[in-house]
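Data block below; observations after.
The values are calculated or read from the model by the stated rules, or taken from the named source; none is laboratory data. Just so you know, these numbers come straight off a predicted model, no measurement behind them. Please note: Cβ atoms are built from the backbone with ideal geometry, for glycine as well, and neighbour counts cover all protein chains shown. Remember, those area values only see protein heavy atoms, side chains included, never the ligands or the DNA or RNA. Shrake-Rupley method; radii C 1.70, N 1.55, O 1.52, S 1.80 Å.
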Amino acid sequence: MKKPAADRILMFLKMRGEATSLLIAKELSITKEGARKHLLNLAEAGLIEPTMKSEGVGRPSTYYILTDKGLAQFPDTHAEVTVQLLKSVKNILGENALDLLISDREKNTYERYEKELSTTKTLEQKLEALAEARSKEGYMAEWKKEGKEYFLIENHCPICAAATECQGFCRAELSNFQSLIGKEYHVERVDHIISGGQRCVYKISQ
């Protein structure tokens, strides 16, 4: 069943970060005027907001981005309970116990992804398998190539509250990606949701 246009626009903005009414019209296969009406309704609901962006000569272009209310349409998985549990582990058992918990999760995650990537040979195959595995877990992941560099993009973080409470989760994920992709490549996080970014982006280069 096809999702309503408003839901598809929110999803598109979540994946893209920002988009003009023309880009949205093309994505939804509707007229530009039709896209504007949907955008106006979403803006009135407080889910999106316009932002002006200069693109060289001429008038600035209007782009639309998700507001905090719009981002909340893509919820953090069991956020409150997770944060409470992390605080309890830290308070009762100490920082070392929390580090052990994260290390165990990192090990289990690595082993699971290693199986997913076991038949891959090229970097692009690895990124495709990794993006698919992460998307199944709610990260809305994708990858792209720009010049000689590759980017693994996670448009959502289903454990954002936990990662904000304890950034060891983020360090563990970066470590896993580096190990899975291989020592011949350098993996660097260049955008970070919990640092205010729209998404988490990992740059892969040689």
Checklist entry - If you add up the charges near Glu124, with Lys and Arg at +1 and Asp and Glu at -1, over every other residue whose beta carbon is less than 11 angstrom from its beta carbon, what do you get? => result +3
Checklist entry - Just Leu93, Leu22, Leu101 to compare: in a GNM of the chain, with alpha carbon springs under 10 Å, which one fluctuates most? => result Leu93
Next on the checklist: Which cysteines in the chain lack any other cysteine whose Cβ sits under 4.7 Å from their own Cβ?
Outcome noted: Cys166, Cys170, Cys200
Item to check | Set of lysines with alpha-carbon distance to Lys145 below 18 Å, sequence-local pairs under 8 removed | outcome: Lys121, Lys126, Lys203
Checklist outcome for this item: Put Leu23, Leu39 in order of accessible area, largest first, probe 1.4 Å, and you get Leu23, Leu39
Item to check | Binned Cα-Cα distances of the range 75-206, short to long, each 10 Å bin given as a whole percent | outcome: 12, 42, 33, 11, 1
Checklist outcome for this item: Taking protein heavy atoms only, a 1.4 Å probe, and rounding to whole percent, the accessible area of the range 78-206 owed to carbon and sulfur comes out at 50
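Among Tyr185, Tyr202, Tyr63, what's the order by accessible area (1.4 angstrom probe), most exposed first?
Values: Tyr185 50, Tyr202 5, Tyr63 25 Å².
Of Tyr185, Tyr202, Tyr63, the descending order of accessible area is Tyr185, Tyr63, Tyr202.
Quick one: longest stretch of the chain between exposed loop trypsin sites (Lys or Arg not before Pro), exposed meaning at most 11 other C-beta atoms within 10 Å and loop per DSSP? Write down the numbers at each step before the final one.
Values: sites that count: Lys2, Lys121, Lys148, Lys183.
Longest stretch, sites excluded: 3-120.
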Item to check | Per-residue SASA entry for Thr31, accessible area with 1.4 Å probe, Å² rounded to 10 | outcome: 90
Item to check | Heavy-atom accessible area order for Phe74, Phe177, largest first, 1.4 Å probe | outcome: Phe74, Phe177
Next on the checklist: Are there DSSP H segments in the chain that both extend 15 Å or more along their axis (alpha-carbon positions) and score a mean Kyte-Doolittle hydropathy of at least -0.5? List them, or say none.
Outcome noted: 5-16, 79-93, 168-181
Item to check | Listed residues His192, Ile92, Thr120: farthest to the positive end of the dipole of the range 76-203 (Cβ charges) | outcome: Thr120
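Suppose every K and R has +1 on its Cβ and every D and E has -1 on its Cβ; what is the size of the dipole of the chain about the Cα centre, in Debye to the nearest 20? Intermediate results must be reported in sequence, preceding the final value.
On the way: 30 positive and 30 negative charges, 126 e Å.
Dipole size: approximately 600 debye.
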Item to check | Apportionment of accessible area to carbon and sulfur, the range 3-70, percent (1.4 Å) | outcome: 54
